[in-house]
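This report refers to the structure that appears directly beneath it.
What follows is calculated from the coordinates using simple rules that are stated; it is not laboratory data. The structure presented is a predicted model; accordingly, all values stated were derived computationally and were not measured. Quick reminder, even Gly has a Cβ in these numbers, built from the backbone with ideal geometry, and neighbours come from all protein chains shown.
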Amino acid sequence: MPLTTLDSNAALVLIDLQKGIAALPAAHPIGEIIDRAAQLARAFRQRGLPIVLVNVMGTAPGRTDAGPQNISSLPADWTELVPELEHHPDDYLVSKQRIGAFIGTSLNDYLRQRGVTQIFLAGVATSLGVESTARSAHDHGYNVVLVIDAMTDRDADAHRHSIEKIFPRLGEADTTENVLKLLSSS
């Protein structure tokens, strides 16, 4: 379902747009994803709406075959946000050790303190960080908007599955262009 309404208390949450992840192969050109996310960030800042920049610092405890258990084995700048996001002092940084941005972080407290009712999600990876965060946001009662052309995944089929099968159950989905139009007209 396309975006119908912009809540007056909306926030942008950008998932894992960091140097280490941006360097990995992706189903869609990562430069385009980063550019769209940066456009969204600029538009949200112009309206004085909260922006949350999320990076992943490691993995959750427990056994898994995926991902490094120890971030110290990665390059020093692996967790740094991509510079195109133009991290501002007013942006809220969430450093996570889980797939989603809510569990084990102060994200929900931050959003509640600001009266946020709607979150716009974009970033990497569609089927992991973005989807997990969208599920938690939905469970917490936020109006969820997924900016589908501002996200990608390492696996094109996983990306498509999230967009076609999962996201319609969690919220509205739209394009960067349409979100920017709505932001500029309200």
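Just a few scattered comments:
- Going from the residue with the fewest nearby Cβ atoms within 10 Å to the one with the most, SER127, SER8, SER95, SER73 rank SER73, SER8, SER95, SER127.
- Candidates LYS19, LYS165, LYS96: whichever shows maximal mean-square fluctuation once the chain is modelled as a Gaussian network with Cα springs under 10 Å: LYS165
- In the chain, inverting the average of 1/r over every pair of distinct C-alpha atoms gives 16.3 Å as the Kirkwood radius.
- For the chain, the antiparallel share of DSSP beta bridges with both residues in that region comes to about 5%.
- Think of it as helices only: each DSSP H run of n ≥ 4 in the chain is worth -39500 (n - 2.57), and spread over all residues that comes to -8500 deg cm²/dmol at 222 nm.
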